[in-house]
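Undergrad: Below are the structure tokens for one structure; questions will follow.
The values are calculated or read from the model by the stated rules, or taken from the named source; none is laboratory data. Owing to the predicted nature of the structure, the values given are computational and were not obtained by experimental measurement. Glycine also receives a Cβ, built like all others from the backbone with ideal geometry; neighbour counts cover every protein chain displayed. Ligands, DNA and RNA are excluded from the accessible area calculation, which covers all protein heavy atoms including side chains. Shrake-Rupley method; radii C 1.70, N 1.55, O 1.52, S 1.80 Å.
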Amino acid sequence: MIAVQVAVVGLAAWRVASLLTHEMGPFDVFERLRTWVGVRPAPEYQRTQLAKLFSCMWCATPWVAVIMWALWWLHPLIPGVLAAAAVAILAERAAPR
């Protein structure tokens, strides 16, 4: 059972970290969030630690994983839906064209 939890939480963390660091999101919500915390086009111009966190997938993922793990204990459906979205994206990327 713990392996399932780790897989679901890991996929959910990857999905959310990807949204926060790379994607625009609906109505550009994640792009606006990154701009609000100070993310600039060139990585060397990230002035705050928060901006660095929102511009680095490797930096954001551990913190997002902690949040996803807490959400798992509150209600497993939340990370489960995010994990399902991650699986759908990975399947689309892996599909031959």
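Undergrad: Quick one: what pairs do we get from segment 30-56, first residue more than 23 Å from Trp14 (Cβ to Cβ), second of a type in the set (Val, Ile, Thr) and at pLDDT below 85, C-beta under 7 Å, 6+ apart or different chains?
TA: Close Cβ pairs satisfying both conditions: Gly38/Thr48.
Undergrad: Consider Pro41 against the criteria (1) at pLDDT 95 or above; (2) more than 22 Å from Ala83 (Cβ to Cβ): it satisfies all of them except one. Which criterion is unmet?
TA: For Pro41, the exception is condition (1).
Undergrad: Restricting the search to segment 32-59, which residues are open to solvent by less than 70 Å² (accessible area, probe 1.4 Å) and over 27 Å from Trp73 (Cα atoms)?
TA: So in segment 32-59, the residues open to solvent by less than 70 Å² (accessible area, probe 1.4 Å) come out as 33-34, 37-39, 42, 46, 48, 51, 53-57, 59.
If the condition is that a residue be open to solvent by less than 70 Å² (accessible area, probe 1.4 Å) and over 27 Å from Trp73 (Cα atoms), then Arg34, Val37, Gly38, Val39, Ala42, Gln46, Thr48, Ala51, Ser55 are the ones that fit.
Undergrad: Kindly indicate whether Ala7 is loosely packed, with under 14 Cβ neighbours inside 10 Å and assigned to a helix (DSSP H, G or I).
TA: yes
Undergrad: Evaluate the following for Met24: is it at pLDDT 90 or above and open to solvent by 50 Å² or more (accessible area, probe 1.4 Å)? Spell out the reasoning first.
TA: Details: at pLDDT 90 or above: yes; open to solvent by 50 Å² or more (accessible area, probe 1.4 Å): yes.
For Met24, the condition - at pLDDT 90 or above and open to solvent by 50 Å² or more (accessible area, probe 1.4 Å) - is met.
Undergrad: Same structure again: Mind counting the residues in segment 70-97 that are aromatic (Phe, Trp, Tyr) and without any contact (Cβ under 8 Å) to a residue 24 or more places away in the chain?
TA: Filtering segment 70-97 down to residues aromatic (Phe, Trp, Tyr) leaves 72-73.
Next, only the ones that are without any contact (Cβ under 8 Å) to a residue 24 or more places away in the chain stay: 73.
Number satisfying all stated conditions: 1.
Undergrad: Return the total of residues in segment 75-97 being more than 17 Å from Met1 (Cβ to Cβ) and surrounded by 10 or more Cβ atoms within 10 Å (Cβ to Cβ).
TA: 10
Undergrad: Same structure, new question: Assess whether Val64 counts as being modelled with pLDDT of 95 or more and either within 15 Å of the chain's Cα centre (by Cα) or not hydroxyl-bearing (Ser, Thr, Tyr) (or both). Working first, answer last.
TA: On the way: modelled with pLDDT of 95 or more: yes; either within 15 Å of the chain's Cα centre (by Cα) or not hydroxyl-bearing (Ser, Thr, Tyr) (or both): yes.
Judged against the criteria, Val64 is a match.
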